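Readers should treat all values here as calculations from the given coordinates under stated rules, not as data from a laboratory. Since the model is a prediction, treat every value here as computed from it, not as a measurement. Backbone-built Cβ (ideal geometry, glycine too); neighbour counts: all protein chains shown.
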Amino acid sequence: MIDRLITDATIVTMNPAREVLYHAAIAIDNGRILDVGDSEQMTARYPDVKHEICGEGKAVFPGLINTHNHLFQTNLKGMGDDKVLKDWLNDMTYPVGGKLQPEDCYTGALIGCIEGIRSGVTTQLDYMYPHPMDGLDDAVIRAFSELRIRAIFGRGYMDCGAEFGVREEIMQQPTKIESDVRRLVNTYHGAENGRISIWLAPAITWGTSEACLRMTARLRQELGLRLTVHTAETMFDRESTIALHGMDDMEILEKYGLLDAETLLVHCVQLTDRDIRMIKYHGAKVSHNPVSNMYLSSGVAPIPKMNMAGIDVSLGTDGAASNNSNDMLEVLKLTSLLQKVTHRDPTIMTADKVLEMATIEGARCIGMENEIGSIEIGKKADLFVFNPERNIKAIPMHNPVSTLVYSSAMENIETVLVDGLPVLEDGVLKTMDEEIVIQRCRAQADELAQRAGTAWLKRRPWQSLAY
């Protein structure tokens, strides 16, 4: 007897041949994909099934991979509008970051991950950079465990940057950072049946001293950890990095051996052609966050150039304070449309390419392409069932990939499996009471705004025109 059989569905496999199978089935057992094939043949082959999912009229996709988030920011939706990155950090993000408590991080992670699940996300990378007190990281990881999602926890840090606006209360000494990274690795790395991983995540090159970069390189080599870092998001980032280190992002990362195939660079909006050549040469990966880049008016990342260079590019929502949602479906659509309108070329970013970035290319960017990112025999059963009839926006579904990227809504995500087990089933969250989480987050977000002195941002003056 096998655990699950999804029958009579359209399966978008994302396998090397990019096959889309019609009237097909997926057999799942012990958390992995046991078989994929014709529905009638599979039904005959596996007559004894614990749970069967009827996929008639529905599509099945590999779970989406969100390679960049700051889940504590879920508490801050709508408070950072109409600001460039530097002002957004100084007016709202840094003040809040300095007042965070474990309950803020826990509820922010819960609501952010649930929103992700409801938009087809099975893997989240959370980049947690402010640490004004102990226990914040454990609170986020607790949310991952309770929701039973696949998650990477990026242990972020800053130890300098006051001249650029970094607040002292969120800086930490390298010795403190190193001690906590070791604790996190010993406690959580590989936990929850391997679903939780720990990465190093220096927040910004202009907030990380040379001593801290050396510590990062040493820890990375000793513990075998992957690395993610914000890179060239704005010209302010580039200029500040040069002011601190005398060289730009790519050069400083290269100098300390932090630019390689296990490095995930985030944003990469203000790249030069030389930067792109360096990324390709070292085999580094990229997380593209188009909604955040538009929200903060940071610019348009040169994704087509990176694609042509053969660089692996994944997708991320970024934190909800610079996006206002954790909706990956929104990211899919805007990834394509932003490049089309910027280049005035409708072919420059197809729906097919966007889905690759959100699935198998995303898996490569986090070093898990042999485990997730496609529906293939032997891989982990991280996937979702898409039902076009749950929201009229997706009707008619002529092409499942086009529908997902351009015409979908959260309601269309009917069932989500992680390790072959449902975290969302028939539209219902299975791992906890969603209504309780919603009410807890509403109260917690209000209390955090009062504590951080940012409540005034909730009732800012009406402004129709900028002048």
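Within a straight-line Cα-Cα reach of under 12 Å, residue 176 can be paired with the following aspartates and glutamates, leaving aside sequence neighbours fewer than 8 residues apart in one chain: 134, 159.
Sorted largest first, the principal axis extents computed over the alpha-carbon atoms of segment 365-424 equal 35, 22, 20 Å. Taking each DSSP H run with n ≥ 4 as -39500 (n - 2.57) and averaging over every residue of the chain yields -10500 deg cm²/dmol at 222 nm. Counting only lysines at least 8 places from residue 340 when in the same chain, those with an alpha carbon closer than 20 Å to its own are 305, 353. If both residues of a DSSP beta bridge must be in the chain, then about 40% of such bridges are antiparallel. Taking amide H as placed 1.01 Å from N in the peptide plane, residue 121 has its amide H under 5 Å from the amide H of 64, each at least 5 places away in sequence or on another chain. As a calculated quantity, the FRET efficiency between residue 242 and residue 38 at R0 = 45 Å, using C-beta atoms, amounts to about 0.15.
Near residue 377: Cβ cut-off under 12 Å, other residues only, Lys/Arg at +1 and Asp/Glu at -1. The net charge is 0. Given R₀ = 25 Å, FRET efficiency for residue 1-residue 435 by Cβ-Cβ distance, to 0.05? So, using R0 = 25 Å, E works out to roughly 0.10.
At an R0 of 22 angstrom, the distance between the Cβ atoms of residue 20 and residue 56 translates into a FRET efficiency of 0.85. Packing, taken as the mean count of other beta carbons within 10 Å per residue, orders the peptides 256-262, 139-145 from highest to lowest as 139-145, 256-262. Compared with the dominant principal axis of the Cα atoms in the chain, helix 210-223 is inclined by about 30°. Note on the chain: with charges restricted to the Cβ of Lys and Arg (+1) and Asp and Glu (-1), its dipole about the Cα centre is near 620 debye. The per residue volume of the convex hull around the alpha-carbon atoms of the chain is 142 Å³. With a simple spin-label model that places each label point 7 Å from the Cα along the Cα-to-Cβ direction, the separation between residue 272 and residue 84 comes to 2.0 nm.
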